[in-house]
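The following block contains the structure, expressed as structure tokens.
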Amino acid sequence: MAETYCNSYYAATRNTMAPFPRLDRRLEVDVAIIGGGFTGVATAVELAERGISVALLETNVIGWGASSRNGGQITGSLSGDKAMLKQFGRVLGAKAEDFVWDLRWRGQRIIRNRVEKYGIACDLKFGHMQAAWQPSHIPELEAMYKMAVARGMGDEVEMVYGKAVRDVIGTDLYAAGLINRRNMHVHSLNLCLGEAEAARKLGVQIFEDTKVLDIRHGKRVELVTAGGSVVADKVLLAGNASHHLERFKLAGLLFPASLGIVTTEPLSEDVARAINPQDIAVYDTRFVLDYYRLTADRRLLFGSGTNYTGRETPNLADQLRPAIEKTFPQLKGVRVDFAWQGQDGITINRIPQLGRVSDNVFYAQGYSGHGVATSHIVGEIMAEALTGNPRDFDIFASAWHWRFPVGRTLGNTALAIGMWYFQQLEKRR
């Protein structure tokens, strides 16, 4: 039985659209996609724009997983950038720096153009600040600022320090901040639904409540469901942290981290203006960071304390309230209207995992907290690979990834211990 959306702000304010049917027959298409989140839907749009016939199968409803449970921030951050430069350099040489830099902003371009092209109503806004949690974090932000200026982004970035931070965000918590006007934030479920509607109009056959029970490999691949089947020349596994097929070949590569987010009651215009006068998105520089923004109806959407054990956090609203009130003391006692959790796919080296389980079955997963932008980049790369241009796919597929020779539970425990260690180092600086 398909699950509907969790009790999130996104679900409560989602745009209405015609539902998608359950698969009840046999289909033949060029490409079949398993997973109706950003990766699957974005790839479907890209393929349909290229004239490819596509079927997309979702176990629950479109955007059910992390695509409707995230912070809605679209940023140029790449948590695995250093690992990418090292590993991609083996393939690209000196060109690796340009390739990785382009990756930072490729997702923004894709999303901005798609929202405009298809008229997607998703509260897309521009502006973001990465905030220095402590003075020792400032040099890293300054290095990123200088790099952006050197690459022609001088009119889109700005460093602010000390009291000037309060002109951007109404808190005394941060030592400095890097403002980036190219970065964006969005109602992520409405973006995903809008893209799914665009895919439908382009001819993609989308099915909800359609769990794939088996993959039968061969010259053409057959996906078996309870009500029908899809035969395709190529298949993309796009389930990310929710994916449970082909576990023998993909085991030990990806670990789910539990994300916790709350949304307050609507704030008055004066309070909203006081805490976030420029209506930007924010996250700080810690390993386990806080991230937040205002919604279109002036609620504070606030995420904090990612749980790397993969287990859900009990009493989430109570757990996050101290972080909210520490950031914005004027919100002490504010009502929390929505609290929800989701799972993000974490890779050890933070490089997204793109590859094949067979000649015609591909996978894409592991965005490590940067899924809104990265999933759209991956959608474009996978569409190119599935239509005969695997250049960028091959670069990602060349990367070496840690594989834990244990199950997800023990792997997540090791990951949680590692993140605890880095948190303790931070406290000592």
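Out of the residues in segment 124-144 that are in contact (Cβ under 8 Å) with a residue 12 or more places away in the chain and open to solvent by 70 Å² or more (accessible area, probe 1.4 Å), which is nearest to Leu191 (Cα to Cα)?
So, considering only residues that are in contact (Cβ under 8 Å) with a residue 12 or more places away in the chain and open to solvent by 70 Å² or more (accessible area, probe 1.4 Å), the one nearest to Leu191 (Cα to Cα) is Phe126.
Checking Glu265 against (1) over 18 Å from Ala12 (Cα atoms); (2) of a type outside the set (Ser, Thr, Tyr); (3) open to solvent by 10 Å² or more (accessible area, probe 1.4 Å), which single condition isn't satisfied?
Tallying (1) over 18 Å from Ala12 (Cα atoms); (2) of a type outside the set (Ser, Thr, Tyr); (3) open to solvent by 10 Å² or more (accessible area, probe 1.4 Å), Glu265 fails exactly one: (1).
Here's a follow-up. Name the residues in segment 154-172 that are part of a loop (DSSP other than H, G, I, E, B) and either buried (at least 17 other Cβ atoms within 10 Å of the Cβ) or of a type in the set (Phe, Trp, Tyr) (or both), would you?
Result: Val168, Ile169, Gly170, Thr171.
Go through Ser8, Ser77 for me and flag whichever is over 21 Å from Val224 (Cα atoms), open to solvent by less than 50 Å² (accessible area, probe 1.4 Å) and modelled with pLDDT under 95.
Ser77
Among what's in segment 85-107 and is aliphatic (A, V, I, L, M) and in contact (Cβ under 8 Å) with a residue 24 or more places away in the chain, pick the residue that is surrounded by the most Cβ atoms within 10 Å (Cβ to Cβ).
Leu103
Can you spot a residue in segment 212-226 that is under 25 Å from Ala121 (Cα atoms), assigned to a loop (DSSP other than H, G, I, E, B) and out of contact with any Ser or Thr (no Cβ under 7 Å at 6 or more places or on another chain)?
From segment 212-226, those under 25 Å from Ala121 (Cα atoms) are none; that's our starting set.
Within segment 212-226 (the criterion being under 25 Å from Ala121 (Cα atoms), assigned to a loop (DSSP other than H, G, I, E, B) and out of contact with any Ser or Thr (no Cβ under 7 Å at 6 or more places or on another chain)), the answer is no, since none of the residues qualifies.
Another one. Only one residue in Ser8, Ser53 is of a type in the set (S, T, N, Q) and more than 21 Å from Gly194 (Cβ to Cβ). Which one?
Answer to the check: Ser53.
Hey, among the residues in segment 284-304 that are modelled with pLDDT under 95 and open to solvent by 40 Å² or more (accessible area, probe 1.4 Å), which one's nearest to Ser79 (Cα to Cα)?
Once the filter is applied, the top-ranked residue is Phe287.
Picking from Gly65, Gly72, Gly40, Gly89, which residue would you name as being touching a helix residue (DSSP H, G or I) at 6+ places or on another chain (Cβ under 9 Å), modelled with pLDDT of 95 or more and closer than 16 Å to Asp209 by Cα?
Of the residues listed, the single one that is touching a helix residue (DSSP H, G or I) at 6+ places or on another chain (Cβ under 9 Å), modelled with pLDDT of 95 or more and closer than 16 Å to Asp209 by Cα is Gly40.
Going residue by residue through segment 238-254, is there one that turns out to be open to solvent by 10 Å² or more (accessible area, probe 1.4 Å), more than 16 Å from Trp64 (Cβ to Cβ), at pLDDT 95 or above and not acidic (Asp, Glu)?
No, because not a single residue in segment 238-254 is open to solvent by 10 Å² or more (accessible area, probe 1.4 Å), more than 16 Å from Trp64 (Cβ to Cβ), at pLDDT 95 or above and not acidic (Asp, Glu).
Take Ala175 and decide whether it is open to solvent by less than 10 Å² (accessible area, probe 1.4 Å) and either in contact with a strand residue (DSSP E or B) (Cβ under 7 Å, 6 or more places away or on another chain) or in contact (Cβ under 8 Å) with a residue 24 or more places away in the chain (or both). Write out each step before concluding.
On the way: open to solvent by less than 10 Å² (accessible area, probe 1.4 Å): no; either in contact with a strand residue (DSSP E or B) (Cβ under 7 Å, 6 or more places away or on another chain) or in contact (Cβ under 8 Å) with a residue 24 or more places away in the chain (or both): yes.
In short, no.
The values are calculated or read from the model by the stated rules, or taken from the named source; none is laboratory data. Values in this document were obtained by computation on a predicted structure and should not be read as measured data. A quick note on method: Cβ atoms are made from the backbone with ideal geometry, for glycine too, and the neighbour counts reach across all protein chains shown. The area values use the complete protein model at the heavy-atom level, side chains included, leaving out ligands, DNA and RNA. Shrake-Rupley method; radii C 1.70, N 1.55, O 1.52, S 1.80 Å.
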